[in-house]
Amino acid sequence: MKILYLINIIFPDYAKYYKLDSNFYGGWISSTINQLKKEENIELIVCFPDNTINYVREIVINNVKYIGFPKKKYNPYIYDKNLKFLFSDIIKKEQPNLVHIFGTEFSHTLSMCEAFNSPSKTLINIQGICNAIYLHYLDGLSCSTQNAITFIELLRKNTLKQQKKHFFQQSKNEIASLNKVENIIGRTEYDYAWIKKINPNINYYHCNETLRPIFYKHSWKYESCIKHSIFISQAGYPIKGFHIFLEALVIVIKRYPDCKVKVAGPNILKNKIKFFSKSSYYKYLINFLDKNDLRKNVEFLGDISDEEMLNEYIKSNLFVIPSMCENSPNSLGEAMLLGVPCVCSDVGGISELIRHNEEGFVYQSNDSTMLAHYITKMFQLENSVVKYTIKARNHASQIYNQKSNLSNLISIYKKILSK
């Protein structure tokens, strides 16, 4: 079978060949493609946006054809009718049996659905739910913070409220896309409920994801971790709830003043980033850190590699997800697979991944007091925390089993094509 993939980010092999910068956050997609390309009866074409070109660029690497298409510099959430014609040319040339699209976040998903124009042979993999993100994007922020505007946001027309409007535009594209296909892959009751709300007649297939290979090869040990340390994998925008976490941290350091927090992603405290050029959300976080004397407790790591990410998980005493909206975050899967103790907000499909008071703790997303309570409870457990982490690892090894997930995915392809 010949399958055309549409993904959102430049694939690592392609980026390496053309010497491009690649911060490939969809590591599970890379893992899936690397598994599928070894299957004798599957031929893969992988398409993705490339903002370094103004033409379609193709290269075959290790039996996979990669196709970079030009990405416009303007708002990627706005529907671009030219992409439909571009994708039509690719489809006419490649003649795929099935088109598998990853995510509904960007307008090129809708363009591909229209270009292929074969709903029964089109499959969308749900990542985030834009309709849900739009509703929760600014949860936990005061009205004054929501209405704040910095110079750079004014210049780029990208205030917090405008960012929320972007998700509203994405949600419209998402609805249009989901009503143009007959097949969906999801992972939780949460995404099932949302998808069926948008398109009750769609065929829903459950298929878990395979994580980055490095996280299957290591394990966390209490003896080796830095005591009272916390790792957070994302904090760059409000939906990730870092503002709620900081409220909890104020409570935690009263009992554990040595608590250290490391955060992957942009270093908002870098001096070379002038204060007037920061986003209003970053300014809010910086002001909160300074007001509560938390700079000594928090370190922003910048973009980090798979190996660096693994190292931060292994060194930390605790992994925290304080998000205001999630579906099935793979960062939680990585932490559980390693056996890192976890505390997470009870949003989306998280409670299906980690069982409260058995494998870790979950709390109401806007309740910083309960978040602080569970952080201190994890610290107090000391080595006894392994009773949670052993169960978490066992559960994660089932959810993220490489062989069964690959087999399930191929089975879904065959079911769709047999119809």
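The values are calculated or read from the model by the stated rules, or taken from the named source; none is laboratory data. From a predicted model like this one, the values you see are computed outputs, not experimental measurements. Cβ sites come from the backbone with ideal geometry, for glycine too, and all protein chains shown count toward neighbours. Calculation scope for accessible area: heavy atoms of the full protein, side chains included, ligands and nucleic acids excluded. Shrake-Rupley method; radii C 1.70, N 1.55, O 1.52, S 1.80 Å.
Listed highest first by mean packing, meaning other Cβ atoms within 10 Å per residue, what order do 111-119, 236-244 come in?
Details: 111-119: 20.1, 236-244: 23.0.
Output ranking for 111-119, 236-244: 236-244, 111-119.
Under the criterion of Cα pairs below 8 Å and six or more residues apart, the relative contact order for the chain equals 15 percent. Using the Cα coordinates of region 276-351, the gyration tensor eigenvalues translate into equivalent-ellipsoid semi-axes of 25, 17, 13 Å, sorted from longest to shortest. Given their separation in residues at 0.36 nm each and the Cα-Cα distance between them, Asp303 and Val250 gain 16.5 nm when the chain is fully extended. Highest average first, the peptides 7-20, 334-347, 292-305 ordered by how many other beta carbon atoms sit within 10 Å of their residues are 334-347, 7-20, 292-305.
Backbone amide hydrogens, once placed in the peptide plane, bring Val298 within less than 5 Å of Val261, excluding anything fewer than 5 places away on its chain. Per-residue 3J(HN,Hα) values for region 101-114, derived from phi via the Karplus relation 6.51 cos²θ - 1.76 cosθ + 1.60 with θ = phi - 60°, read 9, 9, x, 10, 6, 10, 5, 5, 4, 5, 4, 5, 4, 6 Hz in sequence order (x marks Gly and Pro).
In order along region 247-264, the phi-based Karplus estimate (6.51 cos²θ - 1.76 cosθ + 1.60, θ = phi - 60°) of 3J(HN,Hα) comes to 4, 5, 4, 4, 6, 4, 6, 5, 9, 10, x, 8, 4, 10, 10, 10, 10, 6 Hz; Gly and Pro are listed as x. The residues of region 30-139 expose, per residue, 44 Å² of accessible area to a 1.4 Å probe.
How much of the pair distance distribution for the chain lies past 31 Å, counting alpha-carbon pairs only, in percent? Display every interim value, and only then the final one.
On the way: 35674 of 87571 pairs.
Of all Cα-Cα distances in the chain, 41 percent exceed 31 Å.
Over 23 Å apart at the Cα level, from the set Lys72/Lys165; Lys84/Lys164; Lys93/Lys172; Lys81/Lys172, are Lys84/Lys164; Lys93/Lys172. With a 1.4 Å probe and every protein chain kept in, tell me what percent of the accessible surface of the chain is carbon plus sulfur. Carbon plus sulfur share of accessible area: 49 percent.
Charging the Cβ of each Asp and Glu at -1 and of each Lys and Arg at +1, and nothing else, the dipole of region 1-159 about its Cα centre rounds to 360 debye. Most simply put, the chain has about 10% antiparallel DSSP beta bridges, counting only bridges with both residues inside it. Taking the inverse of the mean reciprocal distance over all distinct Cα pairs, the Kirkwood hydrodynamic radius of region 204-322 comes to 15.7 Å.
For Asn125, the residues whose amide H sits under 5 Å from its own are Ile101, Phe102, Gly103, Ile185, ignoring neighbours fewer than 5 places away on the same chain, with H placed 1.01 Å from N. Computed over region 1-72, the P(r) tail beyond 21 angstrom holds 18 percent of alpha carbon pairs.
Applying the Karplus relation 6.51 cos²θ - 1.76 cosθ + 1.60 with θ = phi - 60° to region 346-354 yields 3J(HN,Hα) values of 8, 10, x, x, 4, 5, 7, 8, 10 Hz, where x marks Gly and Pro.
Each stretch of four or more DSSP H residues adds -39500 (n - 2.57); spread over every residue of the chain, this sum gives -13000 deg cm²/dmol at 222 nm.
Residues whose amide H lies under 5 Å from that of Cys47, counting only those 5 or more places away or on a different chain, are Tyr5, Leu6, Ile7, Ile67; hydrogens are built 1.01 Å from N in the peptide plane.
Dividing the Cα radius of gyration of region 289-419 by its Kirkwood radius returns 1.05 for Rg/Rh. How far is helix 306-315 tilted off the main Cα axis of the chain, in degrees rounded to 10, range 0 to 90? Taking the Cα atoms of the chain, the angle to 306-315 is about 30 degrees.
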